[in-house]
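The values are calculated or read from the model by the stated rules, or taken from the named source; none is laboratory data. A quick note: this is a predicted structure, and the numbers were derived from the prediction, not measured. With ideal geometry, Cβ positions are generated from the backbone for all residues, glycine too; neighbour counts draw on all protein chains shown. All accessible areas refer to the heavy atoms of the entire protein, side chains included, with ligands and DNA or RNA removed. Shrake-Rupley method; radii C 1.70, N 1.55, O 1.52, S 1.80 Å.
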Number of protein chains: 2
Amino acid sequence: MLNPLDKIKTQVKRLSAYTLNAPECRVKINQNENPYDMPEEIKQEVMKRLANRPWSRYPTFVPVDLLVTMAKFSSWRADGILAGNGSNELIQALLTVTVGQGTKVLISEPTFTLYRLLIEILGGEVISVPLKSNLQYDTDLIKQTAKEKEVDLVIICSPNNPTGCVIKDSDLIDLLKDFSGLVILDEAYHEFSKHSVVPLLKQFSNLIVLRTFSKAMAMAGLRVGYLLSHPDLAKEIAKAKLPYNLNFFSLTAAIVTMENFHLLSPIIDKIIAERERVFVALSKIPGLEPINSQANFILTKTSIKPSDLMARLQTKDILARDVSRYPMLNDYVRFSIGTEEENNELLETLKQTFS
Amino acid sequence: MLNPLDKIKTQVKRLSAYTLNAPECRVKINQNENPYDMPEEIKQEVMKRLANRPWSRYPTFVPVDLLVTMAKFSSWRADGILAGNGSNELIQALLTVTVGQGTKVLISEPTFTLYRLLIEILGGEVISVPLKSNLQYDTDLIKQTAKEKEVDLVIICSPNNPTGCVIKDSDLIDLLKDFSGLVILDEAYHEFSKHSVVPLLKQFSNLIVLRTFSKAMAMAGLRVGYLLSHPDLAKEIAKAKLPYNLNFFSLTAAIVTMENFHLLSPIIDKIIAERERVFVALSKIPGLEPINSQANFILTKTSIKPSDLMARLQTKDILARDVSRYPMLNDYVRFSIGTEEENNELLETLKQTFS
């Protein structure tokens, strides 16, 4: 009898699946979500617009309204934008049209784990450049390795998950000028750094930018992301994007949220202010060493074993993220920035734990 | 300066994108949607369950409630089920873990065009077996070709889009027994044939079944599909499925719809009855030759050029599907079964056109 697994590619069978172990907790600071939720006014407007929308009809083939709103919102051209079911789908589409057996993709680890997983499934070779020992990007080494190993793609997450470090525009420009491949800049957390590389798209046709509605935009439950690039590239990447990938509910929610961004903006500012406050407070706790972050989370070195610290926090109904299995991060945990009350609870519990 | 397209795979650049030209019309019978929409009772129950669901929180990593409901609904085990953002996403995940450069995938054309597109993007080789001249599956030729060409996968859509033909269980069993690769049976339209091959999963670990909520289940706008297979296979395919692929709205809608299937069932029966009525009526129109269908559409040979017939229907605000660019279907159009009133309008217009 046939073994049904015989037809699965060897490189896939070798891989461990992407998983998350997440027990339910009252204070949920493990996934870098917006803790304040979507403003009620936006939710009501979405419901109003969808009141008569039949569920049985497909979305339009090209979601023009959404793309035009994204173009206005991001100051880039609509024909250079693709919308996806989370930015994950667009990373996948992008890698599907570029990565085959032996394609070399440079990533700087520790970073978002999905890049490596998708590259390996597609048969590509991961060229991993470590962060510097201070957990910042080593852009010289990235440029040098990209050149020496003749890599095809470079993926940089900035601000980086799970460290919070960023690549400077000047370094990115050096890389873009110097390099004959594509550079993918994932700016999932850019709102928390008050900075975007989208203005560089005009100048560099080998730059691709990824964005998400799952973090600052308070829509993790609805799965929307977008990709910005030269229109010629967007056209090719679109071939691997599935038709009708965005349901009408998420699509409308994204439009209304962009149109009413003034309602979200103060919430984002509040999260940034809380990040600064939490950073200072964490620094004062003996046994903890927080890393400066431009995102809505703080990577923190801990003198207590991460899994033990997680267990301790969970007894207080707090769920943070154990990142000790990432390269270089044996002794680290990651705290998403919660509401002011949640952050206070976290800090109080940590003070007790490390006293 | 770098040409940004240099890093796109040649096989991708060669491909035409999947497109759909669909002007807005009052009578929309071009996408095999359920014309009666979701029953209001189901919509209200979904809204009720989601009233307090924060938008900013990710769905659970594994949607256990959904998988358990799907298991009960389909009489298969939950650990052998994957849920996707439309069945398209699961076709993609399945092909991503199985198809690389040179992998041979047999499809029987004309069929759903996405299979070929995805196989080619992934570098696989399409082995195309034509339908018989009466537009039925040629299972002997499929079996023989699968063996002779040593193909790795066979994909069969049954009832087939756009022809409506089916593969008989006995033929499918012969193929499954005889063949050392995987057989993917896409039963997107199975509700309209009152038949499913899911019971065969127990016996054949090389069978994979795909289902969708976009047709009979009246949820095309919400994008939900599922894959059923041996749990070992599901586990490997899951590696290429993106995390958090289903938003909370679609996920809840799918659960409530399955729990209240008794409300949809009479609607499906009505569509089947309408299909039989429309078939007889089309047969009586000189210049039209409808093909027997087990789905919610009828492929029809037309003595008027398909593009001309489409234009004529559009003047009456009716949008059907021109399928003349599919192999073997130069002279054919496809009519989805609409509401009784819509079908009457179509038939009236056709009678006038062909008189």
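So if the hydrodynamic radius of segment A:23-79 is defined as the Kirkwood radius over C-alpha pairs, what does Stokes-Einstein give as its diffusion coefficient at 4 °C and 1.567 mPa s, in µm² per second?
Translational D for this selection: 86 µm²/s.
Using a 1.4 angstrom probe on the protein heavy atoms only, could you order A:Asp140, B:Asp269, A:Asp186 from most to least accessible area?
From most exposed to least exposed: A:Asp140, B:Asp269, A:Asp186.
Using a probe radius of 1.4 Å on heavy atoms only, what accessible surface per residue do you get for segment B:55-261? Whole Å² is fine.
On a per-residue basis, segment B:55-261 sits at 29 Å².
Relative to the other copies, what are the label-point distances for B:Asp6, with labels 7 Å from Cα along the C-beta vector, expressed in nm at one decimal and sorted shortest first?
4.3
Using a cut-off of 14 Å between beta-carbons, work out the net charge of the residues near B:Leu201 (Lys and Arg +1, Asp and Glu -1, B:Leu201 not included).
-1
Inside 10 Å of the C-beta atoms of A:199-205, what's the mean count of C-beta atoms belonging to other chains?
Mean partner shielding for this stretch: 1.
Taking θ = phi - 60°, what integer Hz values does the Karplus form 6.51 cos²θ - 1.76 cosθ + 1.60 yield along segment A:138-144, in sequence order, with x for Gly and Pro?
Coupling constants for segment A:138-144: 9, 5, 4, 5, 4, 4, 4 Hz.
On average over all directions, what projected area in square nanometres does chain B have, based on the convex hull of its Cα atoms?
Here the figure is 19.9 nm², rounded to one decimal.
Determine the shielding of peptide B:72-83 by partner chains: average, over its residues, the number of Cβ atoms on other chains within 10 angstrom of each Cβ.
0
Can you give me the three principal axis dimensions of segment A:50-123 from its C-alpha atoms, in Å, biggest first?
48, 32, 22
Would you mind giving the three semi-axes, in whole Å and largest first, of the ellipsoid equivalent to segment A:218-272 according to its Cα gyration tensor?
They are 26, 15, 10 Å, listed from largest to smallest.
Considering the options B:Pro243, B:Ser265, B:Phe279, tell which one lies farthest towards the positive end of the dipole of segment B:167-303, charges being +1 on Lys and Arg and -1 on Asp and Glu at the Cβ, about the Cα centre.
Of the candidates, B:Pro243 comes out farthest on the positive side.
Peptide A:233-242: average number of partner chain Cβ atoms within 10 Å per residue?
Mean partner-chain Cβ count within 10 Å for A:233-242: 6.
Could you tell me how far the Cα centroid of segment B:1-75 sits from the Cα centroid of segment B:152-179, in Å?
25
Using the Cα centre of segment B:55-261 as origin and beta-carbon charges of +1 (Lys, Arg) and -1 (Asp, Glu), tell me which of B:Ser229, B:Ser128, B:Gly164 is placed farthest towards the positive end of the dipole.
B:Ser229
Is there a quick way to get the dipole size of segment A:1-41? I mean about its Cα centre, with the Cβ of Lys and Arg at +1 and of Asp and Glu at -1; what is the value in debye to the nearest 20?
600
Highest GNM mean-square fluctuation, chain A, Cα pairs closer than 10 Å: which of A:Tyr189, A:Tyr58, A:Tyr326?
Largest GNM mean-square fluctuation: A:Tyr58.
Quick one: what does P(r) look like for segment B:71-111 with 5 Å bins over all Cα pairs, in whole %?
Spelled out per bin, shortest first, that is 5, 16, 17, 23, 19, 13, 6, 1.
Step by step: find N for segment B:219-335, compute 2.2 N^0.38 Å, then divide the Cα radius of gyration by it. What's the final number?
1.45
Determine the percent antiparallel among the DSSP beta bridges restricted to the protein assembly as shown, to the nearest 5.
45
Who wins for biggest fluctuation among A:Leu282, A:Leu66, A:Leu242 in a Gaussian network model of chain A, springs between alpha carbons below 10 Å?
In this elastic network of chain A, the residue with the biggest mean-square fluctuation among A:Leu282, A:Leu66, A:Leu242 is A:Leu242.
Of B:Asn160, B:Asn134, B:Asn88, which has the largest mean-square fluctuation in a 10 Å C-alpha GNM of chain B?
B:Asn134
With +1 on each Lys and Arg Cβ and -1 on each Asp and Glu Cβ, and nothing else charged, work out how big the dipole of chain B is about its Cα centre, in Debye to the nearest 20.
620
Say a label goes 7 Å from Cα toward Cβ at B:Met47 in every copy; what distances in nm does this one have to the rest, shortest first?
Those separations, rounded to one decimal, come out as 0.7 nm.
Ratio of alpha-carbon Rg to the 2.2 N^0.38 Å globular estimate for segment B:177-225, to two decimals, please.
Taking the Cα Rg and dividing by 2.2 N^0.38 Å, one obtains 1.30.
Can you list, shortest first and in nm, the gaps between the label point of A:Lys202 and those of its counterparts in the other copies, using a point 7 Å from Cα in the C-beta direction?
Computed spacing set for this position: 6.7 nm.
Rounded to a whole number, what is D in µm²/s for segment A:55-261 from Stokes-Einstein with the Kirkwood radius over alpha-carbon pairs (4 °C, 1.567 mPa s)?
75
Given the whole protein assembly as supplied and a 1.4 Å probe, what does the accessible area of B:Thr113 come to in Å², nearest 10?
B:Thr113 has an accessible surface of roughly 60 Å² with all protein chains in place.
Any idea what % of Cα-Cα pairs in the protein assembly as shown are farther than 51 Å?
13
Before anything else, pin down the relative contact order of chain A: Cα pairs under 8 Å, at least 6 apart, normalised by residue count, whole percent.
It comes to 23 percent, rounded to a whole number.
Using a probe radius of 1.4 Å on protein heavy atoms only, what is the accessible area buried between chains A and B, both sides summed, to the nearest 100 Å²?
Roughly 7100 Å² of accessible surface disappears when A and B pair.
Please quote Rg/Rh for segment A:95-187 to two decimal places, taking the Kirkwood radius as Rh and restricting both calculations to Cα atoms.
Over the Cα atoms of segment A:95-187, Rg/Rh equals 0.93.
Could you tell me what percent of the DSSP beta bridges with both partners in chain A are antiparallel, to the nearest 5?
Expressed as a percentage, antiparallel bridges in chain A total about 45.
Leaving out ligands, DNA and RNA, what percent of the accessible area of segment B:55-261 is carbon and sulfur, probe 1.4 Å?
So the carbon and sulfur contribution to the accessible surface is 49 percent.
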